[in-house]
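Everything on this sheet refers to the single structure shown next.
Every number here is computed from the coordinates shown, using simple stated rules; none is lab data. On a predicted model such as this, the values are computed, not experimentally measured, just so you know. Methodologically, a virtual Cβ is constructed for each residue, glycine included, from the backbone with ideal geometry; neighbour enumeration extends over all protein chains shown.
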Amino acid sequence: MKKTVFNDNILYEKDIENDENKLFYLKPLIDKKAISSLSIEDQIKFIEYGIASSVPPKYKNILEAFECWVSKTPNTIAAIHIKKEITYKELDDEATILALILKQRGISSGDSIALYMHRSIDMLIGIIASLKLGAIYIPQDPRIVPEKMLQSIYKISNSSIIISNSNYQELNYFKEAAKIIFIDKELSKDTYRHLYGNVKLINQKGNTPNDTCFILFTSGTTGIPNGVQVTNKNLCNILYTSPGDLNIRPGTKVAQILNISFDMAAWEILGCLGNGGTLLIRGKSIQETAQKAHVIIATPTVLTTIDITKCKSLKTVAVAGEPCPEILANKWAKVCDFYNSCGPTETTIVNTMKRCGFKNKELSIGKPTPNNTVYILNDNREPCKIGEVGIMWAGGDCVTKGYVNNNTLNQKRYAVDPFLKKEKKMFNTGDLGRWNLEGELIHYGRIDDQVKIKGFRVELDAISKIIERIYNVKRAVTIKHKNSLVSFISGEFQNKTEILDQLKMDLSNELPYYYLPSEFIFMKELPKTSRGKINKSKLKEILS
């Protein structure tokens, strides 16, 4: 049962279990003064809805999680890529060799390693080798990222060396690089084979919970990428607690279909290898990999490309990265455990999750995951009344260290958490949301997606959500062009006139007149970014 506790300084809630094996997962202490503007009823809901219980993750760092399974299940297949496979023991041995090579080149704990690789088993070896050294890896796919961007990322992250594949040795930037290792060439040599498993030669000081594990680069508004520092603690908090662990265990096959530079790829890779599963690294076909998998992690846009009828082994799907259409959630929730999730890179993959039923009239993004918080605040960072729309701020163990060498942006987006004790930080997600009657978050899109039309404020996501309810619509996105709205719609349509009449009627019935787009453009597929999201920039180019 639950008990709400008051005193002069704090208001908090805790779970009480009448069981012989008592587990007390307390909610963190909240400063009552910080929420005194709310009614007592809303103060209680502020805690109940927005503050998740404190639950210790199974591991303290990513390397510990991986090595646990090397010890427990050394001969279990860790990963399969096309026709190649590798066991946990073999992956550990190969990573040890690479770590020793890196150490010889002067790389040690806390150094940054530019991991410029495509999806492969060698990519996994590079990741584990970095962890063994306590180094920080920076994942990028050189097939997709322009050379100038790779060069900028190398400089911003202050990387000490590049790890790549010999397929890319002709890149001009790689020819000029001072230190570079082509992993496939180095690991084909026999020089280090006698050192298999000799981890005593490797310095692992950089694997404390608060040490940075990797740096992910997000697209900056000025064209300069922003590097987000993600710690071991951040990662363990989502990957090794429920529901973020997605019930992955030995025997679970996890699809690895996303770009290595995308934070959700870490959910696939580290979530699988840290829970003893088998990673299915895709080749060219997403479908071929998906239909062999028990677990799929994807953006909604990527998920729409997968034929659900061929995924006979599927147990769990988690989506994030962009709003999920209700029809898509309903469709997949009929055949598996379906999680609708949300969270920017700065809050470590996702910080809210909702296991969905198959009849979702108002699809929520759920509640904060363990050890995390979500606050709905106004422009003055004060709590909104329960049910009011405000800015979603995220707190707790999900909040990353901050951007690399960008104090101005750090001060703008990160702030001291006034609600939690212990000098915690919170992050401005830039998303709008509110609490519903079930204590779950309804997502209203980005603040950036709010536009003015005819003097009225319009939330673009509200339009797309209604369009996506219509039968045969796969995805929809609405953008502002000049002083009007344009909706792009993907799917298979025999009678577009009938669909147009239907969506105009639905929009008119549910939204004010100024929300109605002046133009609807039908496409077979909407363009995607390298991270599997709808590419709005490409759509704007079509209109220009």
> SER261's amide H: which non-local residues (gap 5+, or another chain) put their own amide H closer than 5 Å, with H modeled 1.01 Å from N in plane and none for Pro or chain starts?
Replying inline: ASP141
> Tilt of helix 88-104 relative to the longest C-alpha principal axis of the chain, in degrees (0 to 90, nearest 10)?
Replying inline: 70 degrees
> Residue by residue, what Karplus-based ³J(HN,Hα) values in Hz, rounded to whole numbers, does the range 166-172 have, using 6.51, -1.76 and 1.60 with θ = phi - 60° and x for Gly and Pro?
Replying inline: 4, 4, 10, 5, 8, 4, 4
>> Sort 92-102, 340-350, 448-458, 302-312 by packing, meaning the average of other beta carbons within 10 Å per residue, with the highest value first.
In response: 340-350, 92-102, 302-312, 448-458
> Once every DSSP H run of n ≥ 4 in the chain is given -39500 (n - 2.57) and the sum is divided by its residues, what mean residue ellipticity at 222 nm do you get, rounded to the nearest 500 deg cm²/dmol?
Replying inline: -7500 deg cm²/dmol
> If you keep only loop residues by DSSP, which chymotrypsin sites (Phe, Trp or Tyr not before Pro) in the range 459-544 have at most 13 other Cβ atoms within 10 Å of their Cβ?
Replying inline: TYR471
> Long-range amide H contacts for PHE217: which residues qualify at under 5 Å (H placed 1.01 Å from N, peptide plane, sequence gap of 5 or more or a different chain)?
Replying inline: VAL228
> Which ³J(HN,Hα) values in Hz, rounded to whole numbers, follow from the phi angles of the range 531-544 under the Karplus curve 6.51 cos²θ - 1.76 cosθ + 1.60, where θ = phi - 60° and Gly and Pro get x?
Replying inline: 9, x, 9, 5, 8, 5, 4, 5, 5, 5, 5, 4, 7, 7
> Tell me, what HN-Hα J-couplings in whole Hz come from the Karplus equation 6.51 cos²θ - 1.76 cosθ + 1.60 at θ = phi - 60° for each residue of the range 482-498, using x for Gly and Pro?
Replying inline: 6, 10, 9, 10, 10, 9, 9, 10, 10, x, 10, 10, 8, 10, 5, 4, 5
> At what distance in angstrom do the alpha carbon centres of the range 490-540 and the range 37-52 lie from each other?
Replying inline: 38 Å
>> If you take every DSSP beta bridge fully contained in the chain, what fraction is antiparallel? Give it as a percent rounded to 5.
In response: 65 percent
>> Using amide H atoms built in the peptide plane, which far-off residues or other-chain residues are under 5 Å from HIS443 H to H?
In response: ILE365
> Could you list, bin by bin from short to long, the percent of Cα-Cα pairs of the range 454-543 in 5 Å steps?
Replying inline: 3, 13, 27, 25, 19, 10, 3, 0
> To the nearest 10 degrees, how steep is helix 147-156 against the longest Cα principal axis of the chain, on a 0 to 90 scale?
Replying inline: 80 degrees
> By count of other Cβ within 10 Å, fewest leading, how are MET149, MET426, MET523 ordered?
Replying inline: MET523, MET149, MET426
> Quick one: net charge of ARG413's neighbours, Cβ under 13 Å, K/R +1, D/E -1?
Replying inline: +2
